[in-house]
Amino acid sequence: MNNTIKLAVASALLAAASTASAAGGIVAGDWTLDIGGVVNAYYTSTKVSGASTNSTGTSTASNITTGLLPNYLTVSGKTRQNDLDVAFTISINPGASTAASGNQAAQQENRQAFLTFGDASWGSIKLGKDLGIYASDAILNDMTLLGVGSAAGMLAGNTTTLGRIGTGFMYADWKSQVAYTSPNFNGFSFTAGVTQAFADKANDLTARGGKEPAYEGKASYSFAADAVTGKVWVSGISQNVESQNQTATAWDLGANLNAAGFGATAYYGEGEGLGTTTQFSGGYDADGNELDSKDWYAQGTYTLPGVGTKLGVSYGESELQQADGSKSQNEMWVAGVYHPITKHLNLVAEYAEVKHTATDEESGKTKTVSLGAILFF
């Protein structure tokens, strides 16, 4: 499996995702090429009650759909030229569900198209489209990367479900960017970059950002001591929102610890003007007031010795504070079983329950059962 796919499932897949190409890639002139990917599909049954934002108009919806990860086909290449490590990655990401009779064209994304160049002595530079910097570690450590999480009923026919996006962390998104990543200093590294600015969705649903880019950065420290491994990180984002003549900001911090088959992840983030679920969705009200947001989740997993089955449970919340003091909130708890039947193929069973509370205190719930499989190659 290529490095890009290993990044996208780094925390959830563990040993099953670490398999490299048998021959170490395909040699083509000066280049070593690699092909990797993900294929997944799940049967989901979602029951809706109350004033749920996930309602499909019926009390129960059954779908066969892709999970939080889309299907992936990635081509990457690397070479060493003029004392530089040069590489590229391009991916296509089709969904696994259909939307309607006579319409087989499920949505497709093109999440990655970037190049990198650098050297181990001074770091690397990335140009192109890839996972955003802010909040990226939040999603990479979410156990529902291997499954479905929330929005299986609402988003049937789309490329992916939401996992824990909007119920514990902000979506990092896939962004055009120019970014620098430092060398690894005994476990410590950092990334800083400018990314494509996004528009305030309350005022402009189609335009990209204005005259300035967004500024994003993160720093992390990974450690290993005997049978204990872990990582701590912090990240942030700042962007001028031209339609509001204000600057939206957000920061987060998190930690992951693994020992003797047990894993624990804790995450917390705050934003001003960034909105909730997706960036700049609801960051400002109709009067131009900057709204505060909070996201957090806690997760625990245990891998059964000998068989490799991972059991996990997590809970998280995302809230958006209104100018009048009221707030809207999404909260979810999820339990999952992730069983590797081969080193590349995992069977998945999840139960997720989401509660939506609006500013008028009306609430709704969605309960989703998911059964399926995910294959990495």
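Summing charges over all other residues whose Cβ lies under 13 Å from the Cβ of N258, with Lys and Arg as +1 and Asp and Glu as -1, gives +1.
Per-residue Karplus couplings for the stretch 33-43, computed as 6.51 cos²θ - 1.76 cosθ + 1.60 with θ equal to phi - 60°, are listed in order as 9, 9, 10, x, x, 9, 10, 8, 7, 9, 8 Hz, Gly and Pro entered as x. With 26 Å as the limit, the listed pairs K175/K310; K327/K367; K126/K211 have K175/K310 beyond it between alpha carbons. Grab the DSSP H runs of the chain that are 4 residues or longer, score each as -39,500 (n - 2.57), total them, divide by all residues and round the 222 nm result to the nearest 500 deg cm²/dmol. Theoretical 222 nm ellipticity from helices: -1000 deg cm²/dmol. With the largest listed first and rounded to whole Å, the semi-axes of the equivalent ellipsoid of the chain from the Cα gyration tensor are 31, 27, 21. Charged neighbours of G269, selected by a Cβ distance under 10 Å, balance to -2 (K, R count +1; D, E count -1). Near Q244: Cβ cut-off under 9 Å, other residues only, Lys/Arg at +1 and Asp/Glu at -1. The net charge is -3.
With a 10 Å cut-off between alpha carbons and a GNM built on the chain, which of G67, G364, G325 moves the most? Of the options given, G325 has the highest mean-square fluctuation.
The string of couplings for the stretch 191-198 from the Karplus curve (6.51, -1.76, 1.60, θ = phi - 60°) is 10, 9, x, 9, 10, 4, 6, 9 Hz, one whole number per residue in order, with x for Gly and Pro.
Read-outs: derived from the displayed coordinates by stated rules, not from any lab. What you see is a predicted model, and the numbers here were worked out from it, not measured in a lab. Here the Cβ is made from the backbone with ideal geometry for all residues, glycine too, and neighbour counts use every protein chain on show.
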